1. Checking the structure you have, find out if any residue of segment 398-405 is outside the structural domain of HIS134 (by TED's automatic domain parsing), farther than 30 Å from LYS321 by Cα and crowded, with 23+ Cβ neighbours inside 10 Å.
2. So if I check each of ASN74, ASN69, which one is part of a helix (DSSP H, G or I) and surrounded by fewer than 20 Cβ atoms within 10 Å (Cβ to Cβ)?
3. Return the only residue of ALA195, ALA176 being among the small types (Gly, Ala, Ser) and more than 23 Å from PHE31 (Cβ to Cβ).
4. How many of the residues in segment 330-371 are free of Cβ contacts under 8 Å to residues at least 12 places away in the same chain and touching a strand residue (DSSP E or B) at 6+ places or on another chain (Cβ under 8 Å)?
5. Please work out if LYS346 is of a type in the set (Lys, Arg), outside any loop (DSSP other than H, G, I, E, B) and closer than 25 Å to HIS101 by Cβ.
6. Inside segment 466-496, can you point out the residues that are charged (D, E, K, R), out of contact with any helix residue (DSSP H, G or I) (no Cβ under 7 Å at 6 or more places or on another chain) and outside any loop (DSSP other than H, G, I, E, B)?
7. Please work out if GLY450 is within 24 Å of the chain's Cα centre (by Cα), in contact (Cβ under 8 Å) with a residue 24 or more places away in the chain, within 26 Å of MET323 (Cβ to Cβ) and outside any loop (DSSP other than H, G, I, E, B).
8. Which count do you get for residues in segment 208-240 that are part of a loop (DSSP other than H, G, I, E, B), in contact with a helix residue (DSSP H, G or I) (Cβ under 8 Å, 6 or more places away or on another chain) and surrounded by 16 or more Cβ atoms within 10 Å (Cβ to Cβ)?
Amino acid sequence: MAMLPEVSKHYGKLKLFINGQWVDPGTNAYFETTNPANDEAIAEAPIASKQDVENAITAAHEAFKKWRNVPFRNRAQLVFNLRDTFARHHEELARILVQDHGCTIDEGRGTISRCIENIEAAGSSMYSLYKGEHVEQLANGIDCYLVREPMGVFLIITPGNIPMHAWSSFVPYALACGCTVIVKPSRQCPVSADAMGKMLAETGFPPGVANLLHMGPERELNKLIISDPRVKGVGLIGSTRVSKELFELCGKYGKRSSLNGNGKNSIVIMPDCNIEDAVQYILRGCFGMTGQRCLGSDNVAVIGGDKRYAELKEKLIMAAKAMKMGYGLDETVEMGPLTTSEGREKVVQFIESGLQSGAKLLLDGRAVKPAGFEKGYFLGPTIFEGVTPDMYIAREEAFGPMCNLLRAADLDQAIGWINGTNYGHSACIVTESGKVARKFIRECEVGNVGVNAGIPQPYAFFGLGSKKDSFFGNSKSRMDSVKMFLDEKTVTLRWA
């Protein structure tokens, strides 16, 4: 199958989007971003100045005064128009994501479909949320009702691993609720963020309702935005370290927050499952999106005798070796590069840590170099066995194509390992037993559980239910974020 054409070889000097205008940064400074498949430059992204930040906050604050008073049906219609804009550009956006992020075209297309689901859920939610609640004759001559009102300006920070999906997990909901946003994307995927901004501009949202600030590595500008009294909160999908830092700032300044951090996710393989199915779930859970997934797994706990374990191990290694790697615009490619060279180096160090701790390397992906893409940030599927729960590689997130095989004596031990971590994103189990699945669902201290699945990704109209050090704040992302964007007001009336 032929290589699909790129949307553009180079996207030039990107701009900031402030108050409905694409503008140059006040710093006159840019950073180069590359295609992870070949290490070639694809754009220069701007670094915003403090004045750019002030301009964006002012634009969002002034726009909010009008946007909040737009009838909710009109706002919902614009959100549904945004859905149509995404649908028209579905393939273009998917290819941009491949070029900017490193995913495969199938993963890119799936991401845009997830974005559309979020936009649909955001628009649809307004028709129920704005109905409010009402009690007549609560007491003699007294009625009471509840209304929901938009909060104001929000900072939305998106990561490099899911730049478009994370954007859609907050922005459409904020806009549908009547809030305005300042989007600060990861410096890893600025072209994807630029494309999201262009979707909003094409749809016709009023000036200032959505603003885009590239900031490079300037973390102090995040603090500048959060400390401004005109900004009411922040939504982030990122690391636990940054989430904790922002959570402290939100507490200091009295801001609302939805902050999603790291995870350490597991797949439990029961003795009664179909091994071929289990292998496919592991491939998707551990190696999908090159392991750069919030709900992806590193640890695979296998329960059963030596013969069954050996069969699973053999089939897993064969299937992982057979995965085709390369540039994701080749539709036959099953796994692309990591998004950055720095990210690849961190995973290499993770592998070395496993070797130093005594784990046995069954499949080493460090030397993988697809023909024609030798300069890309590739790392092949990597499988360890002999891993124990106390090892660093079993406790911390690899964020790469890693699979740690652990031998569990029984389900209770596997659940104990899952609950023994500081994180609580997800856990999956592969089994034919409803009784076993029910026990797993009830006892695992995670926010997202999968049964006979590799990635327990809930649909957009569910919140992402992460726990412990995987989440901080007062509302989860996606549909649950409306709790952050909307405030409640009760009215008590006496007319009789």
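The values are calculated or read from the model by the stated rules, or taken from the named source; none is laboratory data. Being a predicted model, the structure only gives us computed values, none of them experimental. Virtual Cβ from ideal backbone geometry, glycine too; neighbours counted across all protein chains shown.
1. Step one: list which residues in segment 398-405 are outside the structural domain of HIS134 (by TED's automatic domain parsing), which gives 398-405.
Now narrow it down to the ones that are farther than 30 Å from LYS321 by Cα: none.
No, because not a single residue in segment 398-405 is outside the structural domain of HIS134 (by TED's automatic domain parsing), farther than 30 Å from LYS321 by Cα and crowded, with 23+ Cβ neighbours inside 10 Å.
2. Details: ASN69 fails: part of a helix (DSSP H, G or I).
Just one listed residue meets the conditions, ASN74.
3. Just a single option satisfies the conditions, and that option is ALA176.
4. Of the residues in that region, 1 qualify.
5. Values: of a type in the set (Lys, Arg): yes; outside any loop (DSSP other than H, G, I, E, B): yes; closer than 25 Å to HIS101 by Cβ: yes.
Criteria met by LYS346.
6. Within segment 466-496, the first condition is being charged (D, E, K, R), and the residues that meet it are 467-469, 476, 478, 480, 483, 487-489, 494.
In the following step, the residues that additionally are out of contact with any helix residue (DSSP H, G or I) (no Cβ under 7 Å at 6 or more places or on another chain) were identified as 467-468, 476, 480, 483, 487-489, 494.
Correct list: LYS467, LYS468, ASP480, LYS483, ASP487, GLU488, LYS489, ARG494.
7. Details: within 24 Å of the chain's Cα centre (by Cα): yes; in contact (Cβ under 8 Å) with a residue 24 or more places away in the chain: yes; within 26 Å of MET323 (Cβ to Cβ): yes; outside any loop (DSSP other than H, G, I, E, B): yes.
Against the criterion (within 24 Å of the chain's Cα centre (by Cα), in contact (Cβ under 8 Å) with a residue 24 or more places away in the chain, within 26 Å of MET323 (Cβ to Cβ) and outside any loop (DSSP other than H, G, I, E, B)), GLY450 qualifies.
8. 6
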